[in-house]
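Let me begin by presenting the structure, written as structure tokens, before commenting on it.
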Amino acid sequence: MAVNTDVMTTKSATPPMSPSAAHEWATQSVTLHGRTLAPNTRIPLNLDWVEEVRVNTSAVERRAGTIGARRSVKKDWQAAWLLRAIACMDLTTLSGDDSAERVKRLCAKARRPLQDHLIKALGIEELHLHTGAVCVYHAFVETAVKALRGSGIPVAAVSTGFPAGLSPLAERVQEIRRSVEAGASEIDIVITRAHVFNGEWNALYDEVAAFKDACGDAHMKSILGTGDLLTLRNVGRASWVAMMAGSDFIKTSTGKEAVNATLPVSLVMVRAIREYAERTGMSVGYKPAGGIKTAKQALDWMALMKDELGRSWLEPSLFRYGASSMLADIERQLEHHVSGRYSAVSRHPIA
């Protein structure tokens, strides 16, 4: 049973699988409404753009409520979309009891996210499927880099006093530099939420810009901590400032907040990305993280990205999930696709 990953329709399209992960910015064409976009670079802070942000919460919630209902992907189409979800996954372990052995097992899973019998049954041997990245604490960056050597899978490190982001600025900047020196090619930073609450947009801009400078060539994802930001308007404004300061991605959550990624929050952030691209001609990626645990949720977020931003944002270079347990449910759905039976979750361990 070979799954066709090269087909596209208006009903529920799956783009061709690109197993390369995050670092194709110079060669991969990104378009929006037929316009070719450049990678994001820092621009001066425009406070008018920030102050202009308005969010109709009721309308956002209504639109978000239609996302899962408006699109339905079945059979081979669903399998193909789920394969793309795997390619866009930052396989993550950020627990207090993390160990080098757990990280090594996670890296092995990132290299080979599906069991051999599923790969053969789906007819995807030539895809060489792997996850978009592996995300770990700084202490395990070197371990992950060694375990992933030769795979092309980047290592992402959470940084800047993750998850609270309240350590002194100089320490947070140095933490980024240490992770980059250890081999991390992606850095997930945490903003100071108080800057958003107090409307300190210049301070937020300067902070994110300093983090970006410390990243050097590493790609930077700015975690807004949306569950802490109280209003969708705050989410929208923080998104604009982070993008103007040079973020390569904007990301919802650390995964440690009481409320993490939600579709209404994602809709606000994704539309900010779209308007930013229309105004500047530059593309910014998006990463929902925290609470995304099922294959159905993966499909909902992919539908959101395709509807709001288009085909280019279904690539790992512009879209990632922060997830771990979601991979097990995707494997179960693919097992059902090829066998007609659901397997126990215990048959699909992560790490």
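The table that follows gives values for the structure above.
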quantity: Selected residue (criterion: surrounded by the fewest Cβ atoms within 10 Å (Cβ to Cβ)) from residues of the stretch 1-47 that are in a loop (DSSP other than H, G, I, E, B) and at pLDDT 95 or above; calculated: 44
quantity: Residue 199, sole failed condition from (1) in a helix (DSSP H, G or I); (2) without any contact (Cβ under 8 Å) to a residue 12 or more places away in the chain; calculated: (1)
quantity: Qualifying residue in the stretch 312-319 (condition: touching a strand residue (DSSP E or B) at 6+ places or on another chain (Cβ under 9 Å) and over 22 Å from residue 111 (Cα atoms)); calculated: yes
quantity: Some residue of the stretch 186-203 being buried (at least 18 other Cβ atoms within 10 Å of the Cβ), of a type in the set (Gly, Ala, Ser) and touching a helix residue (DSSP H, G or I) at 6+ places or on another chain (Cβ under 8 Å); calculated: no
quantity: Residue 207 vs. criteria in a loop (DSSP other than H, G, I, E, B), open to solvent by less than 30 Å² (accessible area, probe 1.4 Å) and of a type in the set (D, E, K, R); calculated: no
quantity: Residue in the stretch 48-92 that is least open to solvent (accessible area, probe 1.4 Å), counting only those that are under 24 Å from residue 131 (Cβ atoms) and acidic (Asp, Glu); calculated: 90
quantity: Residue satisfying condition, being over 22 Å from the mean Cα position of the chain (by Cα) and in contact (Cβ under 8 Å) with a residue 40 or more places away in the chain, within set 84, 63, 54; calculated: 54
quantity: Condition broken by residue 183, with the remaining ones in (1) in contact (Cβ under 8 Å) with a residue 12 or more places away in the chain; (2) out of contact with any helix residue (DSSP H, G or I) (no Cβ under 6 Å at 6 or more places or on another chain); (3) open to solvent by 30 Å² or more (accessible area, probe 1.4 Å); (4) of a type in the set (Gly, Ala, Ser) satisfied; calculated: (2)
quantity: Boolean, residue 217 is over 15 Å from residue 42 (Cβ atoms), of a type in the set (Asp, Glu) and either open to solvent by 10 Å² or more (accessible area, probe 1.4 Å) or in contact with a Gly (Cβ under 8 Å, 6 or more places away or on another chain) (or both); calculated: no
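Yes or no, residue by residue, for (1) within 30 Å of residue 142 (Cα to Cα); (2) modelled with pLDDT of 95 or more; (3) in contact with a Leu (Cβ under 8 Å, 6 or more places away or on another chain):
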| site | (1), (2), (3) |
| --- | --- |
| 54 | no, yes, no |
| 60 | no, yes, yes |
| 78 | no, no, yes |
| 87 | yes, yes, yes |
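The values are calculated or read from the model by the stated rules, or taken from the named source; none is laboratory data. Quantities reported herein were computed from a predicted structural model and do not represent experimental measurements. Note that we place each Cβ from the backbone using ideal geometry, even for glycine, and neighbour counts take in every protein chain shown. Areas reflect the complete protein model, heavy atoms only, side chains present, ligands, DNA and RNA absent. Shrake-Rupley method; radii C 1.70, N 1.55, O 1.52, S 1.80 Å.
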